[in-house]
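Single-structure report; data block below.
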Amino acid sequence: QKASKAIDKYALYVPKTGVFPKGFKVAAVASGVKKNGNLDLGVLLNVNKSYESSAAAVFTTNKFQAAPVLTCKRILKSTNGKGINAIVVNSGCANSVTGELGMKDAENMVNLVDKEINSKNSTLVMSTGVIGQRLSMDKISKGIEDIFKQNKFNNDFESWLNIAKSICTTDTFPKLITSTFTLTSGVKYTLTGMAKGAGMICPNMA
Amino acid sequence: TLLGYIVTDLPIQSQALQNMLTHSTDRSFNCISVDGDMSTNDTICMIANGAVEIPEITQKSSEFEEVKQQVTEFGQRLAKLVVRDGEGATKFVTVNVKNAYQFQDAKIIAESISNSMLVKCALYGQDANWGRILCAIGYAKLGNLRSLDTDKINVSFVATDDSQPHELKLVVNGVPQLNIDEERASEILALPDLEVSVDLGTGTEEAQFWTCDLSHEYVTINGDYRS
């Protein structure tokens, strides 16, 4: 067997510090959806009030679309991508192929966060994990409540890394990158991105 | 499943933001393959909150193309991390298809090679099995053969470090190199990062895909995912 030796990918690819965009805060908790007790629920919040935020998204072109995908599409269509101030993400259960109950669960996740931020159609929802299982809404609801009631939001490096971890499933490392750019005009701005994905990966999103 | 979000403190009009994200995704997340499977949940979303107080960027703004390019390169960095994970992957492989008659053909061929389980197994085993690469090119779902001329095709392994020769030619103008330097091939295939280069010689269009090898670990992880 000539295959390469195992690489410590966490050490190679996970940053140790970072500068993040102004006006965003993030939080993550272990709601209990993941059986191993790891972080599995995250909320990203826009707290900047000087501008009505804009949002855009691309989605799977799989004919079977999960409830969170359909819910996000509805929200983006109804708002025209304006005024989206939160993203709520859970891992461990994909809330996919779960029918009308799954749609209700996805809408419920959105409503729970919208209620906390006193806004309607202001939250996007994502889920990842096992397909064909109902979401444990009792755990998710309690997790969202804890995040807001205990004000777990922060904008430091650790918090960003934790939310990146909270969306992971079988990932061997969280994927978090952040960069500050200077435009030709001299304006400085920051991009921060995170992703999860390890298997079932050959996206064709539109 | 692929999930991701990108946030920025620039003020960007929603249509302009959608244009940027779609452009970026078509050149980043839509050009990666770990196992050829597409999820029911794949989503990338982007939020611009305007905390940097400058006039809103629209598709007519002078900054639009500059930011779009930066978002595209940023998306590629993030997408490549997903491939580097690859559930037990040991190699990061860039499949570069160049000089195609049409861009779409270059992309289809790059994707076909990237999704081939046998190519991915050979990469894991460090086996310079160029026949599998040609096979994947041959069954790529092209609409016609304008980009593919069997007498013009060149296939190489390309090293990503400073070692020489940098490029190991496997097929030259459609002719397999039967006396391939197997020792050099093994050296290149032992690298954690490498490139498979396909020169179709029928045009000027180019496409890249990023893929990885298929390891025992992948089967271990996915053999009992629900439990």
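The values are calculated or read from the model by the stated rules, or taken from the named source; none is laboratory data. Since this is a predicted model, take the numbers as computed values, not measurements. Methodologically, a virtual Cβ is constructed for each residue, glycine included, from the backbone with ideal geometry; neighbour enumeration extends over all protein chains shown.
A few comments on the model shown:
- Scanning the stretch A:72-114 for residues that are more than 25 Å from B:MET38 (Cα to Cα) and in contact (Cβ under 8 Å) with a residue 60 or more places away in the chain gives a single hit, A:VAL113.
- Filtered residues of the stretch A:59-117 (kept if within 27 Å of A:ASP146 (Cα to Cα), in a loop (DSSP other than H, G, I, E, B) and basic (Lys, Arg)): none
- Residues satisfying the stated conditions in the stretch A:55-78, i.e. over 21 Å from A:GLY42 (Cβ atoms) and either crowded, with 18+ Cβ neighbours inside 10 Å or facing chain B (nearest Cβ under 7 Å) (or both): A:ASN62, A:PHE64, A:GLN65
- Looking only at the stretch A:128-186, and only at residues there that are aromatic (Phe, Trp, Tyr) and within 30 Å of B:GLU66 (Cα to Cα), the one that is nearest to the other protein chains (Cβ to nearest Cβ): A:PHE181
- All positions within the stretch A:1-44 that are more than 8 Å from every other protein chain (Cβ to nearest Cβ), crowded, with 24+ Cβ neighbours inside 10 Å and aliphatic (A, V, I, L, M): A:VAL26, A:ALA28, A:LEU41, A:VAL43
- In the stretch B:192-227, residue surrounded by the fewest Cβ atoms within 10 Å (Cβ to Cβ) [restricted to those that are of a type in the set (S, T, N, Q) and farther than 27 Å from B:LYS107 by Cβ]: B:SER227
- Residue match in the stretch B:80-91 (condition: of a type in the set (S, T, N, Q) and modelled with pLDDT of 95 or more): no
- Test result for B:PRO192, within 19 Å of the chain's Cα centre (by Cα) and at pLDDT below 95: yes
- Here the stretch B:182-227 is the region considered, the condition is being in a helix (DSSP H, G or I) and touching a strand residue (DSSP E or B) at 6+ places or on another chain (Cβ under 8 Å), and the residue that is farthest from the other protein chains (Cβ to nearest Cβ) is B:ARG184.
- Selection from the stretch B:30-59 of residues that are assigned to a loop (DSSP other than H, G, I, E, B) and more than 7 Å from chain A (Cβ to nearest Cβ): B:PRO55, B:GLU56, B:THR58, B:GLN59
- Number of residues in the stretch B:6-53 that are over 14 Å from A:ASN46 (Cβ atoms) and hydrophobic (A, V, I, L, M, F, W, C) equals 9.
- For the residues B:LEU123, B:LEU118, B:LEU189, the requirement of being touching a Lys or Arg at 6+ places or on another chain (Cβ under 6 Å), crowded, with 22+ Cβ neighbours inside 10 Å and aliphatic (A, V, I, L, M) singles out B:LEU123.
- Filter result (crowded, with 24+ Cβ neighbours inside 10 Å and either in a loop (DSSP other than H, G, I, E, B) or more than 7 Å from chain A (Cβ to nearest Cβ) (or both)) within the stretch B:17-28: B:MET20, B:SER24, B:SER28
Conditions (1) over 26 Å from B:ILE54 (Cβ atoms); (2) among the hydrophobic types (A, V, I, L, M, F, W, C), marked per residue:
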site: A:SER50; (1), (2): no, no
site: A:VAL58; (1), (2): no, yes
site: A:PHE64; (1), (2): yes, yes
site: A:SER78; (1), (2): yes, no
site: A:SER96; (1), (2): yes, no
site: A:LYS104; (1), (2): yes, no
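- Residue count for the stretch B:191-226, restricted to those that are over 17 Å from B:VAL93 (Cβ atoms) and touching a helix residue (DSSP H, G or I) at 6+ places or on another chain (Cβ under 6 Å): 1
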